[in-house]
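Remarks on the structure that follows.
Derivation of every value follows stated rules applied to the coordinates shown; laboratory data play no part. Note that this is a predicted model, so its numbers are computed, not measured. Cβ atoms come from the backbone with ideal geometry, glycine included; neighbour counts cover every protein chain shown.
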Amino acid sequence: MAQLKFYPLGNADCTLLEFADDRLLLKDYCHRKDAEDEDDKRSDLPVELCKELDSRDRDDFDVVAFSHSDDDHVGAAEDFFWFDHAKKYQGDGRPKIKILWVPACFILEKGLEGSAGIIREEAKYRLKDGKGIRIFGNPGVLDEWLKEQGISPKDRSHLISHAGTCVPGFSKSNGQAEIFVHSPFSFRMEDEEVERNNACLVFHITFFEGDEETRVMLGADAEHEAWCSIIYKTGQRQRDGRLDWDVFRVSHHCSHTALSAKKGRGITTPDEPIIRLFDRGTKGCILISSSEQIPGMDTKQPPHKQTAAYYRKVIKDREGEDFLVTMETPTPNAPKPIVVEITGQGALYRKITGAVVGAPAVVSAATPKQG
């Protein structure tokens with residue numbers, strides 16, 4: 001049975017996906033917890049992930065996908081993973097990455113430093129070597145970069161996925177899941193100054209369990225302009241089913257910029273195409289924000305209370321689970337990873353209520369289907 005696990009990391013991202021064939025896909029990584037601060041409620045991500053691997057008697061992830069190069073999606077990755085390109089990032093206890101997934105701008109963007117710069121060197125090393133990597137998007141400048149390395153672009157085309165396609169190696173009969181690529185669009189990576197949020201990885205995953213199909217949208221930090229392009233292109237190609245969803249990990253830590261340029265006073269009103277996108281959520285759907293607690297006042301930085309108000313309205317209209325916030329679930333004082341299981345009845349969220357001392361009570365709720 002497949003499942004998704006969303007870690008409480010403040011305004012940062014890490015999601016662990018386990019597929020029906022036991023493959024593990026880790027989407028993003030950011031470790032910021034201050035171990036000496038008792039008030040820091042964020043997950044100790046290296047400890048949590050090593051426990052996941054140890055429980056499966058393995059030392060690697062099948063896929064690690066970095067959606068884009070901002071620090072809240074890559075922070076301290078060089079202290080955790082085994083990277084092939086340099087011995088200083090190798091050694092006992094470092095989990096290995098069978099296949100690294102990155103948008104093309106990870107190869108092309110200039111001036112990357114810190115964790116992002118190190119991941120960039122790893123991506124370049126693997127792309128030159130011709131294995132252990134998948135690149136998303138294929139702007140013309142990537143072809144030029146390959147030629148500069150003495151590599152024919154045709155010799156690396158099998159390592160590249162385009163928006164509007166499914167990732168090879170996943171299907172109903174292989175992992176019981178299809179991973180459809182919504183973003184990035186290649187044209188967004190042609191400029192020297194790449195707008196990272198709008199060139200990030202956005203996936204629509206269809207899980208197959210028995211006769212049931214469960215659709216999950218993983219939004220990374222895509223802004224409203226990118227979502228409008230995704231919605232337009234998907235409709236233009238008559239693939240509206242790739243916009244249906246049962247679980248939606250909303251974009252950009254509950255920022256209004258994922259919905260609209262305007263925050264609004266009491267509630268953020270999304271751009272009209274984005275309203276249509278959220279209208280495609282099924283009855284009993286689940287919305288998750290990887291963010292700090294929702295504030296009670298207007299704030300400059302996300303999460304924005306106005307945007308949370310819109311997401312809560314979506315959930316209410318569809319009789320879904322509570323709008324789940326990673327740093328609030330199950331409680332703000334003791335956030336734990338949010339686990340969503342993919343079952344024959346749909347997406348199942350196991351709610352830890354904390355009602356029983358010593359053994360947390362669990363309430364299960366599956367997303368019922370309309371029709």
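A few notes on this one:
- Both radii were evaluated on the Cα set of the range 87-170; the Rg over Rh quotient, with Rh as the Kirkwood radius, amounts to 0.97.
- Cut-off under 5 Å, modelled amide H: who pairs with SER171 long-range: GLN176, ALA177
- Among the listed pairs LYS41/LYS88; LYS172/LYS336; LYS5/LYS96; LYS96/LYS351; LYS283/LYS351; LYS313/LYS351, those whose Cα-Cα separation exceeds 23 Å are LYS41/LYS88; LYS172/LYS336; LYS96/LYS351.
- Evaluating 6.51 cos²θ - 1.76 cosθ + 1.60 at θ = phi - 60° for every residue in the range 162-174, the Karplus couplings come out as 9, 4, x, 10, 9, 6, x, x, 10, 6, 4, 9, 9 Hz, glycine and proline recorded as x.
- The residues TRP82, TRP227, when put in order of fewest to most other Cβ atoms within 10 Å, stand as TRP82, TRP227.
- Once exposed loop GluC sites (Glu not before Pro) are cut out (DSSP; at most 10 other Cβ, 10 Å), longest piece of the chain: 194-371
- Under Karplus coefficients 6.51, -1.76 and 1.60, residue-wise ³J(HN,Hα) of the range 62-74 in Hz, glycine/proline x: 5, 9, 10, 10, 9, 5, 6, 9, 5, 4, 6, 10, 9
- Expressed as a fraction of 2.2 N^0.38 Å, the value expected for a compact globular protein of N residues, the C-alpha radius of gyration of the range 41-140 is 1.07.
- Phi-derived couplings, Karplus 6.51 cos²θ - 1.76 cosθ + 1.60 at θ = phi - 60°, listed residue by residue for the range 275-287: 4, 5, 4, 6, 5, 8, x, 7, 4, x, 5, 10, 10 Hz, with x used for Gly and Pro.
- Column: log10 I(q)/I(0), Debye, Cα scatterers of the chain, q = 0.12, 0.15 Å⁻¹: -0.89, -1.47
- For the chain, a simple Cβ point-charge model (Lys and Arg +1, Asp and Glu -1, everything else neutral) yields a dipole of about 880 debye relative to the Cα centre.
- Its Cα centre serving as origin, the range 122-272 has a Cβ charge dipole (Lys and Arg +1, Asp and Glu -1) of approximately 200 debye.
- A DSSP coil position with no more than 13 other Cβ atoms inside 10 Å describes the following trypsin sites (Lys or Arg not before Pro) in the range 74-177: LYS110, LYS131, LYS172.
- Amide H within-cut-off set for ARG134, under 5 Å, with H built and near neighbours excluded: LEU100, TRP101, VAL102
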